[in-house]
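Take this structure, written in structure tokens, and hold onto it; I'll ask about it next.
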Amino acid sequence: MTGPPQPSVEEILEEVERRRAARRAPRPLSATDRLVLWMAHHWLALFNLAAFLYVGLPFLAPVLMRTGAEGPAQVIYAMYRPLCHQLPYRSWYLFGEQAAYTYDELARRVGEDELVPHGLIGNPQIGYKVAICQRDTAIYGSILLAGLAYGLSRRRWPPLPFWAYILFGVVPIGLDGGIQLLSYILDFFIPGFPLGPLESTPLRRTITGLLFGVASVWLTYPRLDEVASEIRKEAARRMGNTESVFG
């Protein structure tokens, strides 16, 4: 009994070449793939837009208060309450006598009862506070500015080492905010503690927030760019002309 005919060498080579060609042929992307690819091309614009909205809306709130649109302004303040303490003496003010006030300055003007988280919004004399605190304003404002700079520089930033992120981004803000928090805890549990509460300053909050924001962008954006680049390369391998479609 004879078995089935065996393929010739030429037929085997033809089949191998056919399978290779099939693997090289462009394959269509699914809707999910196309969404991921679109985000890989436009992730920086999306991040910058999100940062702009996040830091911009809090500044819109005092503008609305100034123009008499208190309802929309109150919505913005309410939106940010879960995200920031909004302490009146740690916030910036617009349309008032000063850009910032200490606890004692506000206590003399409006009383201490309003100087609580999510408390005083402001009035025509002192102005109206921004809906996030000074430190958050510096953090997210610097994230926006650093993100714009990253895009304008054509993304040529080498990733920031993690040790540098901790040293220059985390340690300063941790010390400034941590010492402030610790001093309040000690004063609460040890009445009459010699140092008393050690309140930070608008300048220190701004500098430490700026360092943290810039360092966060420098740490993450170059790495996100690498991931996005790999996604684009894989799509280009599969589709051939994907770069021209989404570029």
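Just so you know, all these numbers are worked out from the coordinates, no wet-lab data involved. These numbers were taken from a predicted model, which means no experiment stands behind them. No Cβ is skipped: glycine too gets one built from the backbone with ideal geometry, and neighbour counts run over all protein chains shown.
Neighbour counts of other C-beta atoms within 10 Å: give me M65, M79 arranged from fewest to most.
M79, M65
Further question: Quick one: length gained pulling W43 to I207 fully straight, 0.36 nm per residue minus the C-alpha distance?
Answer, rounded to one decimal: 56.3 nm.
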